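J.: Please find one structure pasted underneath; my questions will follow.
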């Protein structure tokens, strides 16, 4: 793991990143991401699914509900926003968009 060095010679820690699912994109330039984790119950040893919601800045307003995104921690931008959209890992189906299955079917038909 390499740390960046700035002019004064001190090392800068890499930004903390996490991957989650977009659950809301109704606000302007802000998305809400739900990150799930498994936690083992102390007494019963059963795994419990817990989640945390993060508010992230989406400058281009490119993420929509259902997208799997990677976010990185940044300085506070508002009361709740402390994360920034880094990249979209997997896109959810968009309105009037052709699914990958339909695209593959069209390619097969064109070749036949």
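Yes or no, residue by residue, for (1) surrounded by 15 or more Cβ atoms within 10 Å (Cβ to Cβ); (2) touching a helix residue (DSSP H, G or I) at 6+ places or on another chain (Cβ under 7 Å); (3) farther than 18 Å from residue 18 by Cα:
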residue: 43; (1), (2), (3): no, no, yes
residue: 53; (1), (2), (3): no, no, no
residue: 71; (1), (2), (3): yes, no, no
residue: 80; (1), (2), (3): no, no, no
residue: 98; (1), (2), (3): no, no, yes
residue: 103; (1), (2), (3): no, no, yes
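J.: So which residues in segment 1-19 are at pLDDT below 75 and under 20 Å from residue 71 (Cβ atoms)?
T.: Filtering segment 1-19 down to residues at pLDDT below 75 leaves 1-9.
1, 4, listed by residue number.
J.: Oh, and also: Go through (1) under 26 Å from residue 95 (Cβ atoms); (2) in contact (Cβ under 8 Å) with a residue 24 or more places away in the chain; (3) within 10 Å of the chain's Cα centre (by Cα) and name the single condition residue 34 misses.
T.: (2)
J.: Let me ask something else. Looking at residue 48, is it within 9 Å of the chain's Cα centre (by Cα) and at pLDDT 95 or above? Explain how you work it out, then say what you get.
T.: On the way: within 9 Å of the chain's Cα centre (by Cα): no; at pLDDT 95 or above: yes.
Here the answer is no, as residue 48 does not meet what is asked.
J.: If you go through segment 83-92 one residue at a time, do you hit one that is exposed (fewer than 10 other Cβ atoms within 10 Å of the Cβ) and without any contact (Cβ under 8 Å) to a residue 60 or more places away in the chain? Even if it seems obvious, please write down each step before you answer.
T.: Looking only at segment 83-92, we keep the residues that are exposed (fewer than 10 other Cβ atoms within 10 Å of the Cβ), and these are none.
No.
The values are calculated or read from the model by the stated rules, or taken from the named source; none is laboratory data. Treat the numbers as computed from the prediction; the structure is a model and nothing was measured. Virtual Cβ from ideal backbone geometry, glycine too; neighbours counted across all protein chains shown.
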